1. Between THR64 and GLU140, what length in nm is gained on full extension when 0.36 nm per residue of separation is reduced by their alpha carbon distance?
2. Would you mind ranking LYS155, LYS150 by Cβ crowding within 10 Å, fewest neighbours first?
3. Pulled fully out, how much extra length does the chain show between ALA122 and ARG193, if you take 0.36 nm times their separation in residues and subtract their Cα-Cα distance?
4. For GLU130 and ASP95 in one chain, what is 0.36 nm times their gap in residues minus the Cα-Cα distance, to one decimal in nm?
5. Can you give me the relative contact order of the range 56-169 as a percent, contacts being Cα pairs under 8 Å and 6 or more apart?
6. Search the structure for amide H atoms under 5 Å from the amide H of THR165, placed 1.01 Å from N in the peptide plane, and list their residues when 5 or more places away or on another chain.
7. May I ask you to derive the FRET efficiency for LYS200 and ASN51 from their Cβ-Cβ distance with R0 = 25 Å, giving the value to the nearest 0.05?
8. What are the residues whose amide H is under 5 Å from the amide H of GLY47, where those residues sit 5 or more places off or on another chain and H is modelled from the backbone?
Amino acid sequence: MWRTRLLRMAVAGAAALAVAALVVWWQVGHLAGPATPGTMAGAARVGGAFNLTDQAGRTVTDQTYRGRLMLVYFGFTFCPDVCPTDLQVMAQALDLLGPSSAEVQPLFVTVDPERDTPGRMAEYVGLFDERIGGLTGTPEQIAEIAKGYKVYYRKAKGSDPESYTMDHSAFIYLMGRDGAFLEVFPHGTTPERLAEAVRKHL
């Protein structure tokens, strides 16, 4: 059933990816100012407090993950291409880090809380790596964390009401042990580049 729905959404997803590419271009230029290739740093205004629900149905906040680095990614479980690719990059980067990966908490935050329940999030993140936490919440809670991370998202225009897709920006955010913003990586970053950047902050 999952695969059938994902295939049906692939065509609509192509248009969404085009929009997302424009959003990425805009955000790369505005999120944190001047940057070195592949990363941006120094944007203290990115991130902040949040209150969400993890894939086990437990309430979590930004304080839950203090003491570990965080890799934070925003997407949705019906995403046909970009999200699966970026989550796989995160999983492979964790493998490259070896035992040090225990000091990193990867998080997948939905921008589609209407469909992405804790149970669905658990099933989805489990397809990539059991270390990835899946976070959902009310539309208001998702809007709040998205605002803090400067994330763009909206339901794609003209989408089927039952099997719609979402336009959204696609970045992996690296946050410090204290929750402070460190770097951000655009779609297309390699697992090796991500692991290298994380290793510098361990």
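FYI, it's all coordinate maths here, none of it is from the lab. Since we're looking at a predicted model, the values are computed, not measured. When we count neighbours, we look across all protein chains shown, and the Cβ atoms used for this are built from the backbone with ideal geometry, even at glycine.
1. Details: separation 76, 0.36 × 76 = 27.36 nm, distance 1.99 nm.
Stretched out fully, the THR64 to GLU140 stretch lengthens by 25.4 nm.
2. Numbers: LYS155 15, LYS150 19.
By the 10 Å Cβ count, ascending: LYS155, LYS150.
3. Numbers: separation 71, 0.36 × 71 = 25.56 nm, distance 2.70 nm.
The ALA122-ARG193 span can extend by a further 22.9 nm.
4. Numbers: separation 35, 0.36 × 35 = 12.60 nm, distance 1.19 nm.
Length gained between GLU130 and ASP95: 11.4 nm.
5. Values: 139 pairs, mean separation 30.8, N = 114.
Relative contact order of the range 56-169: 27 percent.
6. Here ALA156, ASP160 satisfy the definition.
7. Numbers: r = 30 Å, r/R0 = 1.20.
So the FRET efficiency works out to roughly 0.25.
8. Distant-sequence amide H within range of GLY47: TYR149, LYS150.
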